[in-house]
Amino acid sequence: MIDRFAIAATGNLLFGDGTFSELDNQVALRGFAHAALLSSRTFSSTERFSHAVEALRDRGIGVSVIPVSGEPTVASIDRISKAVADAGCDVVVGIGGGSALDSAKAVAVMALQLAKNHDPISVKRYLEGVGDLTPPAERLGLIAIPTTAGTGSEATKNAVVADIGPQGFKKSLRHDSYIPDLVIIDPLLAKGLPRAVTAASGLDALTQLMEAYTSTKANPFIDSLALDAIGRIGNALPRLLESEASDPSLRSDMAYAAYISGMAIANSGLGYVHGLAGPLGGLHAAAHGIICGSLIAPINRAMVEIHALSGEPAVFKTKMEQIALLWGKRGMEGVLSHVEYITRIADFPRLGTFGFLEDELRSIGSKDVGRNSPVALPAEQVVSILVSLL
Ligand SMILES: [Fe+2]
């Protein structure tokens with residue numbers, strides 16, 4: 001018996017080495033006249049990027065280049081959306097890591113709202129949990145081009161927008177129609193990515209895949225994609241971090257797995273690690289991937305220990321054993337030790353270095369943060385995991 005499920009997925013995907021050079025052709029095919037290119041400063045200073053801008057202009061397509069730095073905030077989205085609306089852009093192209101892609105998503109929605117309304121409106125009003133308005137379905141055209149093999153934002157229907165500080169938050173602007181119209185995944189774009197970024201974004205993707213695959217909301221359609229992607233990432237990520245940073249086949253596996261991780265969370269949900277990463281990331285400016293990478297091993301170990309007491313749900317053990325097979329490991333313990341090995345060589349700074357205080361961690365850990373986790377953890381255990389990471 002297969003329980004009822006629904007799938008929200010990318011309409012068009014272009015995957016493979018060199019596909020970035022197709023951007024101008026794809027924008028022209030869709031009839032867009034003016035593209036806003038939202039990209040990290042690092043990528044927008046590359047020759048590849050200059051060629052793409054030139055190729056678009058050669059086709060008579062207007063281009064506004066807008067550098068994006070750091071994770072999107074209410075202030076940055078409001079400012080960029082106004083610039084994009086003022087320039088009269090009809091498509092937003094996000095090129096970069098999760099920050100650039102989430103910015104592009106939110107700007108595609110907000111620039112259209114600003115163009116239509118005379119009174120300026122802030123994205124905060126549409127955010128889950130803090131806004132007072134329902135997010136609009138309509139937006140400008142949206143193309144996502146990931147460069148870091150991380151968040152899988154190119155495949156999801158939400159943009160995470162933050163306001164960092166004591167009253168800070170990280171909340172989603174979410175609607176089924178925010179899945180990009182076109183995703184271009186060119187694994188070559190991640191060539192030369194710094195090791196620390198490969199580690200943080202790779203562990204975010206692995207966490208997303210494992211949380212979605214073992215989620216209580218999992219479905220067989222996504223499971224079949226997620227399991228294969230977990231196999232790829234569990235084999236490729238440690239090799240990339242050990243010594244083979246320039247191997248193109250590993251980058252290809254990572255880029256694919258990251259895309260599937262986005263599709264998986266959009267359709268199967270998440271667990272404790274992301275339940276904690278949201279509020280933690282709103283409090284201090286620690287990279288999302290570092291938070292996930294710090295939590296994935298101890299949270300999974302705690303779940304396996306609690307699970308051993310009752311053996312329920314049986315499917316959790318079955319799924320962990322399937323992962324072990326793909327990684328060439330034995331059973332649940334084999335999965336845990338491999339994840340521990342990857343996070344150890346990722347060598348992340350401890351949470352304390354970002355300014356987290358024990359009281360803050362106690363307060364966040366004692367809330368209901370399990371999301372769709374297959375195993376419930378006692379709050380005091382979640383708190384003690386967090387405090388151990390200070
Ligand atoms: Fe994530």
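The values are calculated or read from the model by the stated rules, or taken from the named source; none is laboratory data. A quick note: this is a predicted structure, and the numbers were derived from the prediction, not measured. So basically every Cβ, Gly included, is an ideal-geometry build from the backbone, and we count neighbours across all protein chains shown. Areas reflect the complete protein model, heavy atoms only, side chains present, ligands, DNA and RNA absent. Shrake-Rupley method; radii C 1.70, N 1.55, O 1.52, S 1.80 Å.
Some notes on this structure:
- Only one of the numbered conditions (1) assigned to a helix (DSSP H, G or I); (2) at pLDDT below 95; (3) touching a strand residue (DSSP E or B) at 6+ places or on another chain (Cβ under 6 Å) is not met by A115, and that is (3).
- Breaking point among (1) farther than 24 Å from K170 by Cβ; (2) open to solvent by 30 Å² or more (accessible area, probe 1.4 Å); (3) modelled with pLDDT of 95 or more, for L56: (2)
- In segment 145-194, the residues that are at positive phi and away from the ligand (no atom under 16 Å from the Cβ): G165, G192
- Members of segment 280-296 found to be more than 10 Å from the ligand (Cβ to nearest atom), open to solvent by 10 Å² or more (accessible area, probe 1.4 Å) and either farther than 20 Å from G70 by Cβ or of a type outside the set (V, I, T) (or both), listed by number: L283, H284, A285, A287, S294
- Selected residue (only one of L276, L203 is closer than 23 Å to S40 by Cα, open to solvent by less than 10 Å² (accessible area, probe 1.4 Å) and either touching a His at 6+ places or on another chain (Cβ under 8 Å) or within 15 Å of the ligand (Cβ to nearest atom) (or both)): L203
- Complete set of residues in segment 359-390 that are under 23 Å from K319 (Cβ atoms) and not polar (S, T, N, Q): V369, G370, R371, P374, V375, A376, L377, P378, V382, I385
- Contacts under 7 angstrom Cβ, first residue in segment 128-147 being assigned to a strand (DSSP E or B), partner of a type outside the set (G, A, S) and open to solvent by 60 Å² or more (accessible area, probe 1.4 Å), 6 or more apart: G141/R30
- Of all residues making up segment 214-252, the number that are among the hydroxyl-bearing types (S, T, Y) and surrounded by 15 or more Cβ atoms within 10 Å (Cβ to Cβ): 4
- Residue in segment 141-159 that is open to solvent by 30 Å² or more (accessible area, probe 1.4 Å) and over 30 Å from V27 (Cα atoms) present: no
- The set of residues in segment 351-382 that are over 24 Å from Y213 (Cβ atoms), in a loop (DSSP other than H, G, I, E, B) and either in contact with a Leu (Cβ under 7 Å, 6 or more places away or on another chain) or open to solvent by 50 Å² or more (accessible area, probe 1.4 Å) (or both) comprises F356, L357, S366, K367.
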